[in-house]
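Enquirer: Let me give you the structure first, and then I'll get to my questions.
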Amino acid sequence: MKLSVIGCGYLGAVHAASMTSLGHDVVGIDVDESKIASLRAGRAPFFEPGLSAILESGLASGRLAFSTDIAEAADADVHFIAVGTPQRRGAYAADLTYVDAAVAALVPMLRPGVLVVGKSTVPIGTAAGLADQIRETGAELAWNPEFLREGFAVQDTVTPDRLVYGVPEGESGVAARATLDRVYRDAVAAGTPVVVTDYATAELVKVAANAFLATKISFINAMAEISEVVGADVTHLADAIGHDARIGRRFLNAGVGFGGGCLPKDIRAFVARAEELGRGESVAFLTQVDAINRRRRDRVVELALAAVGGEPHRARVAVLGLAFKPDSDDVRDSPALDVAVRLHGLGVDVVATDPEAVPNARRLHPQLSFTAAPEDALQGADAVVLVTEWPEYRALDPVIVGGLVRNRTIIDGRNVLDPAAWRAAGWTYRGMGRP
Ligand code: NAD
């Protein structure tokens, strides 16, 4: 099939290259010239395992192209909308400017038989609001939310754990489903569950999934707060309740909390939309989920200040990690970067490191000191703060690191180190919700 993907960021670039790997002809469109230049040259504009390989093979096959000119997408049978829906400035609601602009640019090119497929995460009611202008051209609209995880984005796109199609009622809905089944032919043939539903449910599925995941993380972080008061160990607690299959152990890791370009802004946009719909009380708990999450960042900053004897101006602190999670260079609303920035703001001499995210972090916060080499960050540090659980930080040897720092105090903001091993090597170890 001939596909276009409008918006080639974390979602769109992966989607475009993955669809080519499934055998389709794809053109990716973005308004960002440098991103398109990089993609055209076969260079992933961000760190995502496996993306460069499928980009290169897609470009070599001649079935993958990128352009800043939307006219290049004119002959596509299916147009995916993958533009950003960030938090609106000074509000909780989502900014739909980019979605509206993408649809406005597409409309003059649409013709009967074409399907526009929304993948961006949007407030409930967005698809219904866009459907009329698309239908006037004879084309149809479906909403097909995306569940990929950064760090596993290629795998999640090529072999998703479920497909959700929000389609209109009647014959046009049947046709839209058939088109999407052809796009995702391999996944459908492999027995991937397909949920076919209406627009509102498809939109709600995405924000509900993110709200649930955020709630699970904040739940265990709330237990960490209680554990800190009573001297309990939240990691044992998580293991114990996680053995209950109804609860499950995944996403029950207490730490500095969630971040990234999705969870925080999606739960806030959900609260804003529910309020507009007159059902604010139904998701008011998400405001607490958000607050618990933000308090965990305060806690790490507090522990770091205590570690340097309350004298930030005299202290040098090594911050290990800047990305919001490992295997990504994404620093959008990253707890790790936030901790680094706040410590710096308090007068601490912060030296921050990350295997992939230093360039993005530097662009946003040039006032910080960065290094790609963890040894340079650790050298002479009065305290060490681990805030992104990259495998190389989990594997640090407390004896070797002990030889680099000035003072052996580590704050394990992700609860990934073995406290006994670090204490045995002469360290003061502080975890999150652990004695
Ligand atoms: P992003 O900021 O990385 O990418 C968005 C891209 O859209 C940018 O490259 C931007 O230049 C481009 N763009 C903006 N306006 C445009 C226009 N009019 N025409 C063409 N391109 C335009 O964001 P992202 O992380 O890829 O997220 C995109 C959407 O996908 C959001 O709604 C997000 O919530 C959702 N989503 C993201 C993920 C993820 O892991 N990143 C997962 C699931 C869903």
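Enquirer: With label points built 7 Å along Cα→Cβ from the Cα atoms of residue 282 and residue 41, find their separation and express it in nm.
Expert: 4.9
Enquirer: I want to verify the translational diffusion coefficient of region 296-430 in µm²/s; compute it with Stokes-Einstein, Rh as the Kirkwood radius over Cα pairs, at 37 °C and 0.692 mPa s. Can you show the working numbers first?
Expert: Values: Rh = 14.2 Å.
D = 230 µm²/s.
Enquirer: Tally up the carbon and sulfur contribution to the accessible surface of region 207-290 as a whole percent, 1.4 Å probe, everything protein left in place. Before the final figure, lay out the partial values.
Expert: Numbers: 2530 of 3970 Å².
Solvent-exposed carbon and sulfur of region 207-290 make up 64 percent of the total.
Enquirer: In deg cm²/dmol, rounded to 500, what helix-only [θ] at 222 nm does the chain give when every DSSP H run of at least 4 residues adds -39500 (n - 2.57) and the total is split over its residues?
Expert: Working: 18 runs with 191 residues, N = 435.
So the calculated ellipticity at 222 nm is -13000 deg cm²/dmol.
Enquirer: Turning to a different aspect of this structure: As I understand it, the value is the acute angle between the Cα axis of helix 285-307 and the longest principal axis of the Cα atoms of the chain; what does it come to in degrees, rounded to 10?
Expert: It is inclined by approximately 30 degrees.
Enquirer: Further question: Accessible area per residue of the chain at 1.4 Å probe, in Å²?
Expert: Numbers: 18220 Å² over 435 residues.
For the chain, the per-residue accessible area is 42 Å².
Enquirer: Could you tell me what percent of the accessible area of region 80-189 is made up of carbon and sulfur, with a 1.4 Å probe and every protein chain present? Write out the running numbers ahead of the final one.
Expert: Working: 2540 of 4790 Å².
C and S fraction of accessible area: 53 percent.
Enquirer: All other residues with a Cβ under 13 Å from the Cβ of residue 110 taken together, and with Lys, Arg as +1 and Asp, Glu as -1, what is their net charge? Before the final figure, lay out the partial values.
Expert: Details: positive: 111, 135; negative: 75, 77, 132, 136, 140.
With Lys, Arg at +1 and Asp, Glu at -1, the neighbours total -3.
Enquirer: Just in region 278-385: which GluC sites (Glu not before Pro) are loop by DSSP and have at most 12 other Cβ atoms within 10 Å? Before the final figure, lay out the partial values.
Expert: Numbers: sites: 281, 302, 356, 375; in loops: 356.
Within region 278-385, no GluC sites (Glu not before Pro) qualify (loop, at most 12 other Cβ atoms within 10 Å).
Enquirer: For region 36-72 and region 332-391, what is the separation of their Cα centres, given in Å?
Expert: After rounding, the separation between the Cα centres reads 30 Å.
Enquirer: Mind checking which aspartates and glutamates have their Cα closer than 18 Å to the Cα of residue 216? Skip sequence neighbours fewer than 8 apart in that chain.
Expert: Output for residue 216: 225, 233, 239, 244, 266, 290.
Enquirer: May I ask for the angle, rounded to the nearest 10°, between helix 51-61 and the longest principal axis of the chain, with both axes built from Cα atoms and the value confined to 0 to 90°?
Expert: That works out to roughly 30 degrees.
Enquirer: Let me ask something else. For region 207-290, what log10 I(q)/I(0) values come out of the Debye formula at q = 0.11, 0.26 1/Å, with one point per alpha carbon and no solvent?
Expert: -0.34, -1.18
Enquirer: Rounded to the nearest Å, what's the spacing between the alpha carbon centres of region 105-137 and region 158-234? Just the number, please.
Expert: 21
Enquirer: What do you reckon, how do 80, 212, 152, 147 stack up by accessible area (1.4 Å probe), largest on top?
Expert: Values: 80 0, 212 140, 152 90, 147 35 Å².
Result of the area sort, largest leading: 212, 152, 147, 80.
Enquirer: Here's something else I'd like to know. Relative to the first principal axis of the alpha-carbon coordinates of the chain, what is the inclination of helix 335-345, with its axis defined by its Cα atoms, in degrees from 0 to 90 and to the nearest 10?
Expert: With rounding to tens, the tilt is 50 degrees.
Enquirer: Compute the semi-axes of the equivalent ellipsoid of the chain, taking the square root of 5 times each eigenvalue of the Cα gyration tensor, and list them largest first in whole Å.
Expert: Values: eigenvalues 350, 116, 73 Å².
The three semi-axes for the chain are 42, 24, 19 Å.
Enquirer: Something else: What is the Cα radius of gyration of region 152-269 over 2.2 N^0.38 Å, N being its residue count? All intermediate terms of the calculation are to be shown ahead of the outcome.
Expert: Numbers: Rg = 18.7 Å, N = 118, 2.2 N^0.38 = 13.5 Å.
Expressed relative to 2.2 N^0.38 Å, the Cα Rg reads 1.39.
The values are calculated or read from the model by the stated rules, or taken from the named source; none is laboratory data. As the structure is a computational prediction, the values presented were derived from the model and not from experiment. Backbone-built Cβ (ideal geometry, glycine too); neighbour counts: all protein chains shown. Just so you know, the surface numbers come from the protein's heavy atoms only, side chains and all, with ligands and any DNA or RNA stripped out. Shrake-Rupley method; radii C 1.70, N 1.55, O 1.52, S 1.80 Å.
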